[in-house]
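What follows draws every value from the coordinates through simple rules; no lab data is involved. Remember, predicted model here, so these are calculated numbers, not experimental data. Here the Cβ is made from the backbone with ideal geometry for all residues, glycine too, and neighbour counts use every protein chain on show.
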């Protein structure tokens, strides 16, 4: 059935004002959250959580990765940058890791000129878990295996 009548002018005005404005209750809730320090508390908790996750990830790298691994922690954020010896191929590691459902970012993704082939970026934004610990152990083994093959010329 097709409606042939339209809303009266006051109905259209009311409908338009409801669609163009934000609901007042969510606005007041957000304003109270900001005014009462809730947002600042949330940010402090988030920073502490990311700090802990960065520390645990760094510890896992020191435990499981080759001793030649260099870790750089950029200022801010929750990303670690890893550098391996020149002969290391981060794209090979990426493919081997992906085959094991581990996602990393090879360094060349961050260079328009194809540099950083021996580097990778790790995201520390996920809460630490047994699965993450296992993934770090697996990544470390893959890195060690690749470097051993390079040394042996295999």
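To the nearest 10 degrees, how steep is helix 38-64 against the longest Cα principal axis of the chain, on a 0 to 90 scale? Tilt relative to the chain: about 20 degrees. The slack between residue 138 and residue 31, meaning 0.36 nm per residue of separation minus the straight C-alpha distance, is 33.9 nm. Computed over the alpha carbons of the chain, Rg followed by Dmax gives 25.3, 84 Å.
Principal-axis analysis of the Cα atoms of the chain puts helix 24-35 at an angle of about 50° to the longest axis. Rounded to the nearest 0.05, what FRET efficiency do residue 51 and residue 105 have when you use their Cβ-Cβ distance and R0 = 25 Å? Given R0 = 25 Å and the Cβ-Cβ separation, E is 0.75.
Residues 63, 138 in ascending order of nearby Cβ atoms (within 10 Å, fewest first): 63, 138. For the options 120, 52, 43, a Gaussian network treatment of the chain with springs between C-alpha atoms closer than 10 Å singles out 43 as fluctuating the most. Rounded to 0.05, the FRET efficiency of the residue 130 and residue 92 pair, given R0 = 30 Å and the Cβ-Cβ distance, is 0.65. The relative contact order of the chain, computed from alpha carbon pairs under 8 Å that lie at least 6 residues apart in sequence, is 23 percent.
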